[in-house]
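Inspection log for the structure reproduced underneath, given as C-alpha cells.
The values are calculated or read from the model by the stated rules, or taken from the named source; none is laboratory data. Please read all numbers here as calculations on a predicted model, not as lab measurements. No Cβ is skipped: glycine too gets one built from the backbone with ideal geometry, and neighbour counts run over all protein chains shown. Just so you know, the surface numbers come from the protein's heavy atoms only, side chains and all, with ligands and any DNA or RNA stripped out. Shrake-Rupley method; radii C 1.70, N 1.55, O 1.52, S 1.80 Å.
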Amino acid sequence: MQPDPSRGRPDHDIAMWGAPGSGKTTLLAALYIALTKSGNGWKIVGSDPASSDYLVERTKDLLQGKVFPEASMALERYHWSLIGPPPRKTGFWNRKAKPGQPPRIGIGMIDAPGGLFGAGQRPAGGPSPQDGSGDPRRQELLDNLEHSRGIVFLFDPIREFTYGDAFDHMYPPLTRLAERMLAAGEFTDGKLPHHIAVCVTKFDDPRVLETAEARGLLTTDDDDPYRLPRVAGDDARELFHELCQVSATGSADMVLETLDQYFHPDRIRFFATSSIGFYVDRRARRFDWDDFQNMLPEEVDEDSRIRGQLHPINVVEPLLWLGQRLAAIRSAKGVS
Amino acid sequence: MPEPDRDLTRKAIAQALAGLADTGHLTVVEVAADGVTTFLLHRDGNGRPRGRSWPATWPDLAGEHGWDADPAAAREAVLRAARVHPSPADVILVAASADPRAERALDWLRAAHPAAQMLRGDAPTAALIREVMADDPLTRPYELVVLLADPGTGGLRLTGRRLFPIGSRPGARTRVALRCTEPGAHGTALAVVTWQGPEPRLLSLQSAPLAPGRYDVTAELVRPGRVRFTGLPALSPDHRDWERLVGSLPDRLPGRAGPAHLVCAVEICGADDQVAERLSRARQMISFASGELGDLLRVSLLAYAAHSFDPSAPEHPVRVAAWNADAGEALDALGELEEQGAVTRGYPYHPQAAQLEDALAAVAGRLGHTDPAPAVVLTVGGRPPHPPRTDRSRILPCPRRHDWRKLVAVLRQRPGTTLGAICDHAAGQAHPLWHELGATALAHLEAVDVRGLAADLGLTAPSPVHLPFPLLDETE
Ligand SMILES: Nc1nc2c(ncn2[C@@H]2O[C@H](COP(=O)(O)OP(=O)(O)OP(=O)(O)O)[C@@H](O)[C@H]2O)c(=O)[nH]1
Ligand SMILES: [Mg+2]
C-alpha cells in the first residue's frame with residue numbers, strides 16, 4: 001500500500017457512482033480486505049499518499065472499529081493500482097522461470113457524495129443537492145465519468161424498497177454523459193463506449209438474500225470454506241430485475257431499460273455484492289441460514305456497526321472484470 | 001235447621017269448587033228470606049279460588065208494579081239476578097228460607113236450571129263459601145324460587161324448591177334450608193310460584209334484608225295463595241318487576257379467593273430510569289396482590305436483559321430472582337434488582353431487542369404442566385424478542401434459537417394460566433408478542449391502574465356479589 005508515484009497516474013479510470021448511502025465508500029474500504037482475503041495474488045497500491053491514507057483509514061474503521069464510514073460530504077479523488085501476480089514465463093531452455101510484467105489495472109476512483117445528481121437525499125443528513133446543476137462537484141463527477149471507460153454503478157435494493165429513487169440518480173448523469181460522448185464522437189455503435197459493472201449492494205441483507213433464495217438464484221462455491229451463498233454471474237441480472245419489482249416507486253424497471261439503452265450488452269455485467277458479507281460464527285466457521293446477519297442495528301445517533309468478521313462478496317470481482325476488459329481494449333489498441 | 005244440613009251444603013259447594021276447571025265458573029244462588037244473592041266462583045291464574053256476589057232484595061226484584069201484580073216481570077228479574085255470567089255455568093241453588101216469595105223464586109230457578117243442585121241452607125251462604133274457599137286444597141304445586149350454584153364453576157341457576165304439592169291444605173308446613181349472601185339494597189326476595197304447564201307463575205313476592213348466613217325456614221300454607229315464612233326477619237311485600245329482578249342476577253358466584261402464583265418477568269436493560277420504573281410497577285403489583293390474597297399468593301420473579309452479540313462481552317442470562325416464594329421474599333429479591341439497575345446497556349448488547357424469548361422459555365419450563373395453582377404471568381418491559389432465526393425484522397436471532405411464538409403458545413394453552421403485561425409502549429406501538437403477553441390485560445407503563453390490572457388478572461379478593469334470591473342450602 002505504498003504510494004507509487006513513479007509509475008504515474010494510470011489511464012484507465014474507473015468511476016464509481018450510486019445513490020446516497022448505496023455503499024460506495026464501504027465498497028472501497030472493503031476492497032483492500034477482499035483482496036487480502038482472496039489470496040489470488042492481487043494487491044492494491046495507492047498512487048499518492050492521500051489515496052493510501054484513505055484506504056488505510058477506511059479499512060481500519062471497518063476492521064477494528066467495526067463501523068461504517070460516514071456519509072461522504074465532498075468528492076474525493078483517489079488513485080490506486082490493482083496489481084496482479086506476475087505471470088510465470090516458462091521458456092523451454094530456461095531452467096529458471098523469469099517473472100514477467102505483472103498485470104496492472106489503474107483505478108481512479110472518486111468517492112463522491114451520492115446525492116450529487118438525484119433529487120433524493122440520504123436519510124441521515126448529508127449534502128442537500130436538489131438538482132446540483134451548478135455544483136462544481138457534479139461537473140467533476142461528469143468529467144470523471146467522461147474520462148473513465150469503466151463504471152461501477154451501485155444499486156442499493158434496500159434504498160429502492162424504501163425510496164425507489166435509483167432511476168432518479170442514474171438517469172440525469174447518463175444523459176449528460178451521452179451528450180458529451182456524442183459531442184466527442186465517441187458514440188460509435190450507438191452506445192456509450194463504457195463498460196459498466198452494476199453492483200446490487202447489501203446482498204447480505206435478509207430481504208435481499210431472501211429474494212434471491214425465493215427465485216432459486218443462489219449457489220455456493222465449492223472452494224469457499226464458509227459455504228457463503230452467492231449469485232452466479234448470469235443470475236445477478238435476474239436478481240436485479242427481481243429486486244426492481246419490489247421497488248417503492250416502480251421506476252426501478254426503467255433502470256434496467258436505461259442501462260440497455262446506453263450500454264452495449266457485452267459491456268454490462270451484474271454483481272450481487274456485499275461489502276461486509278454474511279456473519280459466520282467463529283467456532284462453527286460455516287454459513288448458518290438461521291443466523292447470518294452481519295449488520296448490527298444502529299443505536300440512536302450512532303452509525304451502523306458490523307457484527308463479526310468481514311466476508312466481502314463480489315467486491316474485487318467487478319473491478320477485476322472492468323480492469324481486465326479495459327486492459328484488453330488497450331492492448332488491442334496498442335497492437336493496431 | 002240442624003247442623004248436618006250446613007255440613008252437607010258446605011261439602012257440596014266444596015266438591016263443586018274442587019271440581020272447577022281452570023276456566024270454569026260456579027254459580028251459587030242463595031234464595032233467602034230477604035232476597036236472592038248470587039255468588040260466582042272461579043279460579044285465578046294461580047289456581048286460587050276467587051268469588052264475587054250480587055245481592056238483590058225482594059223489593060229490588062219486585063219491580064215497580066209489585067211482586068203479585070206482575071209475576072212474569074218478577075220471574076224475569078229473579079232469573080236475571082241469577083245469571084251473572086254469560087257462559088253456562090254449574091249452578092247450585094241454596095234454599096235458605098220458607099218465605100213464599102222464596103218458594104216461588106226457587107221454583108222459577110229450578111225450572112230454568114233443571115240440572116242445578118238443590119241444597120238447603122241455614123247459615124249465611126256467604127260465610128260458608130268463604131270457609132270453603134279458604135280450605136280449598138291446592139290445585140297446583142307451590143314452589144319457592146331459589147338459586148343453585150354449580151360447585152365447580154360457581155355458575156348460578158334459578159330453580160324452584162317444592163313447598164306444597166297439589167292437594168295441600170291450609171296448615172301444611174315445609175322446612176327449607178336457605179343460604180343468603182350479601183343482600184343488595186332491596187334485600188333477598190322470597191318468591192312463591194305455582195306451576196301449571198311449562199312456566200311457573202309468580203304467586204307472591206316478599207323480601208327482607210337478610211344478613212349473610214344459613215336460615216332454617218318454615219313455610220306454612222295459610223290459605224290458598226298465602227304462604228307464611230317463619231325463621232326469617234319480617235318480610236314486606238316487594239313490588240319489583242319480575243324481569244328486572246331476574247335480570248339483576250349475576251352469572252356466577254364470586255370465585256373463592258384461591259391460591260395464585262404470580263410470575264413477574266421484568267426487562268432490566270436500557271435506560272436506568274426506565275428499568276426503575278418497570279421494577280416499581282412489579283413491586284406495586286406484588287404488594288397489591290399480596291394485600292388482597294395474603295398467604296394464598298406465591299410469587300416468582302425473573303429478570304431478563306439484552307443478548308450480547310459480541311462473544312467478547314459476557315452474556316447475562318435470564319435471572320430467576322425468586323421462584324414460588326412468598327411475597328416478602330420476592331419483594332426482597334426485587335429490592336436487589338432495583339439496587340443493581342440496568343444490567344445491559346449499549347454496545348455490544350442489542351439496542352432494540354431483549355431476551356424476552358429466553359424469559360418465556362424459563363417461565364414455561366419452570367411452571368411445567370403439573371403445578372395446579374392458577375398462574376398469572378405478568379411481563380413488564382417493552383423491547384421485542386429476538387427471532388429464532390435471521391428474518392426481515394433485522395433483529396439478530398436468539399443465540400439459543402428460542403422461538404417466542406411457540407413459547408407464548410405453550411403459556412397461552414397452559415391450563416389455569418392468565419397472561420398480563422405492562423408494556424413501555426402504547427398498544428399500537430408494541431411488538432405483536434406484547435399483545436399475546438397481554439392477552440388478558442395489557443397496560444401501558446406510563447399509566448398503570450394497579451388495582452384494575454390486578455382485578456383483570458384475578459389477583460384481587462373476590463368482591464361480594466348481591467344475589468336477589470336465596471341460595472338453596474344443599475348441605476342439609
Ligand atoms: N447490509 C449492508 N449494509 C451496507 C453495506 N455497505 C454499506 N451499508 C450500509 O449503507 C450505509 C451507507 O454506506 P456508505 O458506504 O457510506 O454509502 P455511500 O454510497 O458512500 O454514501 P454517501 O457517501 O452518502 O453517498 C452504511 O452506513 C451501512 O449502513 C453492506 O455491504 N451491507
Ligand atoms: Mg460515501
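Table: residues versus (1) under 14 Å from B:Glu338 (Cβ atoms); (2) touching a strand residue (DSSP E or B) at 6+ places or on another chain (Cβ under 8 Å); (3) open to solvent by 50 Å² or more (accessible area, probe 1.4 Å); (4) among the aromatic types (Phe, Trp, Tyr).
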site: B:Trp242; (1), (2), (3), (4): no, yes, yes, yes
site: B:Gly247; (1), (2), (3), (4): no, no, yes, no
site: B:Ile268; (1), (2), (3), (4): yes, yes, no, no
site: B:Ala271; (1), (2), (3), (4): no, no, yes, no
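Which one of the conditions (1) among the hydrophobic types (A, V, I, L, M, F, W, C); (2) in contact with a helix residue (DSSP H, G or I) (Cβ under 9 Å, 6 or more places away or on another chain); (3) more than 22 Å from B:His350 (Cβ to Cβ) does A:Ala327 fail to meet, given that it meets all the rest? Only one criterion in (1) among the hydrophobic types (A, V, I, L, M, F, W, C); (2) in contact with a helix residue (DSSP H, G or I) (Cβ under 9 Å, 6 or more places away or on another chain); (3) more than 22 Å from B:His350 (Cβ to Cβ) is unmet by A:Ala327, namely (2). Looking only at residues of region A:15-29 that are closer than 20 Å to A:Leu177 by Cα and more than 10 Å from the chain's Cα centre (by Cα), we find that the one that is farthest from ligand 2 (Cβ to nearest atom) is A:Ala19. Condition check for B:Leu467 on (1) more than 14 Å from chain A (Cβ to nearest Cβ); (2) in contact with a helix residue (DSSP H, G or I) (Cβ under 7 Å, 6 or more places away or on another chain): one failure, at (2).
Please indicate, with yes or no, whether at least one residue in region B:352-368 is within 21 Å of B:Leu445 (Cβ to Cβ) and surrounded by fewer than 20 Cβ atoms within 10 Å (Cβ to Cβ). Yes, some residue in region B:352-368 is within 21 Å of B:Leu445 (Cβ to Cβ) and surrounded by fewer than 20 Cβ atoms within 10 Å (Cβ to Cβ).
Taking the criterion of being buried (at least 21 other Cβ atoms within 10 Å of the Cβ) and either free of Cβ contacts under 8 Å to residues at least 60 places away in the same chain or of a type in the set (D, E, K, R) (or both), the only residue of region B:82-106 that qualifies is B:Ala82. Here B:Ser87 fulfils each of the conditions (1) in contact with a His (Cβ under 9 Å, 6 or more places away or on another chain); (2) assigned to a loop (DSSP other than H, G, I, E, B); (3) closer than 21 Å to B:Thr9 by Cβ apart from (3). Taken as a whole, region B:326-347 holds at least one residue that is open to solvent by less than 20 Å² (accessible area, probe 1.4 Å), within 14 Å of another protein chain (Cβ to nearest Cβ) and touching a His at 6+ places or on another chain (Cβ under 8 Å). Out of A:Arg230, A:Arg330, one residue alone is in a helix (DSSP H, G or I) and either more than 14 Å from chain B (Cβ to nearest Cβ) or more than 16 Å from the chain's Cα centre (by Cα) (or both). It is A:Arg330. Every condition in (1) under 30 Å from B:Val176 (Cβ atoms); (2) at pLDDT 90 or above; (3) not in a helix (DSSP H, G or I) holds for B:Glu131 except the one numbered (3). A search for C-beta distances below 9 Å between a residue of region A:57-68 that is more than 10 Å from A:Ile33 (Cα to Cα) and any residue that is among the basic types (Lys, Arg), counting only pairs 6+ apart in sequence or on different chains, returns A:Gly65/A:Arg305; A:Lys66/A:Arg305; A:Lys66/A:Arg307; A:Val67/A:Arg305; A:Phe68/A:Arg305. Inspection of region A:267-282 finds a residue satisfying the criterion of being part of a helix (DSSP H, G or I) and either farther than 22 Å from A:Glu210 by Cα or at pLDDT 95 or above (or both). Answer yes or no as to whether A:Leu228 is more than 30 Å from B:Ala306 (Cβ to Cβ) and touching a strand residue (DSSP E or B) at 6+ places or on another chain (Cβ under 8 Å). Criteria not met by A:Leu228. Among the residues of region B:219-232, are any assigned to a loop (DSSP other than H, G, I, E, B) and of a type in the set (Lys, Arg)? There is no residue in region B:219-232 that is assigned to a loop (DSSP other than H, G, I, E, B) and of a type in the set (Lys, Arg). Considered as a group, the residues in region A:138-193 that are away from ligand 2 (no atom under 16 Å from the Cβ) and β-branched (Val, Ile, Thr) include one that is nearest to A:Leu322 (Cα to Cα), and that residue is A:Ile151.
Whether a residue is within 14 Å of chain B (Cβ to nearest Cβ) and touching a residue at least 24 places away in the same chain (Cβ under 8 Å) was assessed, and A:Val255 does not pass this test.
Rundown of residues vs (1) surrounded by 16 or more Cβ atoms within 10 Å (Cβ to Cβ); (2) closer than 19 Å to B:Arg228 by Cα, yes/no style:
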residue	(1), (2)
B:Gln117	yes, no
B:Ala127	no, no
B:Arg130	no, no
B:Gly154	yes, no
B:Ser168	yes, yes
B:Val193	yes, yes
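Going by the structure shown, is B:Asp295 free of Cβ contacts under 8 Å to residues at least 40 places away in the same chain and closer than 30 Å to B:Ser207 by Cβ? Considered against the rule, which asks whether it is free of Cβ contacts under 8 Å to residues at least 40 places away in the same chain and closer than 30 Å to B:Ser207 by Cβ, B:Asp295 comes out as no. If the condition is being open to solvent by 60 Å² or more (accessible area, probe 1.4 Å) and assigned to a helix (DSSP H, G or I), then region B:11-46 contributes B:Lys11, B:Gln15. Within region A:173-207, track down each residue that is assigned to a helix (DSSP H, G or I), open to solvent by less than 30 Å² (accessible area, probe 1.4 Å) and within 16 Å of ligand 1 (Cβ to nearest atom). Listed by number, the residues that qualify are A:Pro173, A:Pro206. Taken together, A:Val280, A:Val315 contain a single residue that is free of Cβ contacts under 8 Å to residues at least 60 places away in the same chain and at negative phi, which is A:Val280. Among residues of region A:24-66 being surrounded by fewer than 16 Cβ atoms within 10 Å (Cβ to Cβ), within 30 Å of B:Tyr347 (Cα to Cα) and aliphatic (A, V, I, L, M), the one that is nearest to ligand 1 (Cβ to nearest atom) is A:Leu63. Of all residues in region B:376-410, those satisfying the criterion of being crowded, with 21+ Cβ neighbours inside 10 Å and part of a helix (DSSP H, G or I) are B:Trp404, B:Leu407, B:Val408.
Conditions (1) farther than 28 Å from A:Ala15 by Cα; (2) in contact with a helix residue (DSSP H, G or I) (Cβ under 7 Å, 6 or more places away or on another chain), marked per residue:
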site: A:Cys244; (1), (2): no, yes
site: A:Gln261; (1), (2): no, no
site: A:Pro265; (1), (2): no, no
site: A:Arg282; (1), (2): yes, no
site: A:Trp289; (1), (2): yes, no
site: A:Asn314; (1), (2): no, no
site: A:Ala332; (1), (2): no, no
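Of these, B:Ala373, B:Ala421, which one is assigned to a loop (DSSP other than H, G, I, E, B), small (Gly, Ala, Ser) and under 41 Å from the mean Cα position of the chain (by Cα)? Talk me through it step by step, then tell me what you get.
Working: B:Ala421 fails: assigned to a loop (DSSP other than H, G, I, E, B).
Just a single option satisfies the conditions, and that option is B:Ala373.
Considering region A:276-305, and only residues there that are within 11 Å of chain B (Cβ to nearest Cβ) and among the aliphatic types (A, V, I, L, M), the residue that is nearest to A:Lys24 (Cα to Cα) turns out to be A:Met295.
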